[in-house]
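The structure appears right after this line, and notes come after that.
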Amino acid sequence: MQQREPFALGAAFGDHVRKLRERRVETDPAFSLRQVASRCGVTPAYLSRVERGEVAPPGEETLIKLAHELGEDPDVLLAMAGKISTDLRSAILARPQLFAELIRSIKSMPDNAVLRIVRDVRDGNW
């Protein structure tokens, strides 16, 4: 059998997912590969290939289920998979030029500055 080269983005993503699951399985056998796969609606073989970086990360629905299963923020897992949620995609597509400018403006800011912007917007302080 020919050995496959890991999917570039999927390798880091898969490694992260595997580490999250293995950390949980140490204290709870319900986090075995088979059981997590079953609860997420995928086969154990597929989840194993994802964890090994042999296939691209799954779609949004499966990623969100996986995030909830493993106690990870869904937006973080989606971002690690090179994806964004449907609701964020809709918001960006409603104002693509403004969102592109905003993201480019804040990409080099320190986290505390970005957090302040997020809090100001969330709290309606503009």
| task | Please specify each residue of segment 57-71 satisfying the condition of being surrounded by fewer than 17 Cβ atoms within 10 Å (Cβ to Cβ) and either touching a residue at least 40 places away in the same chain (Cβ under 8 Å) or part of a loop (DSSP other than H, G, I, E, B) (or both). | result | Gly59, Gly71
| note | Apart from one, (1) buried (at least 17 other Cβ atoms within 10 Å of the Cβ); (2) part of a helix (DSSP H, G or I) all hold for Val76; the odd one out is (1)
| remark: Filtering segment 85-108 down to residues that are open to solvent by 80 Å² or more (accessible area, probe 1.4 Å) and of a type in the set (S, T, N, Q) yields Gln97, Ser108
| query | Which residues, taken from segment 27-54, are in a helix (DSSP H, G or I), more than 16 Å from His68 (Cβ to Cβ), open to solvent by 20 Å² or more (accessible area, probe 1.4 Å) and not aromatic (Phe, Trp, Tyr)? | reply | Pro29, Leu33, Arg34, Pro44, Ala45, Ser48, Arg49
| Only one of (1) small (Gly, Ala, Ser); (2) within 24 Å of Arg23 (Cβ to Cβ); (3) surrounded by 14 or more Cβ atoms within 10 Å (Cβ to Cβ) fails for Gly82. Which number is that? | (3)
| request: Report yes if some residue within segment 23-35 is at pLDDT 95 or above, in contact with a Leu (Cβ under 8 Å, 6 or more places away or on another chain) and under 25 Å from Leu88 (Cβ atoms); otherwise report no. | output: no
| task | May I ask you to verify whether Ser108 is among the hydroxyl-bearing types (Ser, Thr, Tyr) and either over 30 Å from Asn125 (Cα atoms) or part of a helix (DSSP H, G or I) (or both)? | result | no
| request: Would you check which residues across segment 16-26 are in a helix (DSSP H, G or I) and surrounded by fewer than 17 Cβ atoms within 10 Å (Cβ to Cβ) and list them? | output: Lys19, Glu22, Arg23, Val25
| request: Would you check if Gly124 is outside any helix (DSSP H, G or I), open to solvent by less than 80 Å² (accessible area, probe 1.4 Å) and touching a Gly at 6+ places or on another chain (Cβ under 6 Å)? | output: no
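The values are calculated or read from the model by the stated rules, or taken from the named source; none is laboratory data. Being a predicted model, the structure only gives us computed values, none of them experimental. Here the Cβ is made from the backbone with ideal geometry for all residues, glycine too, and neighbour counts use every protein chain on show. Please note that ligands, DNA and RNA were not included when accessible areas were found on the heavy atoms of the full protein model with its side chains. Shrake-Rupley method; radii C 1.70, N 1.55, O 1.52, S 1.80 Å.
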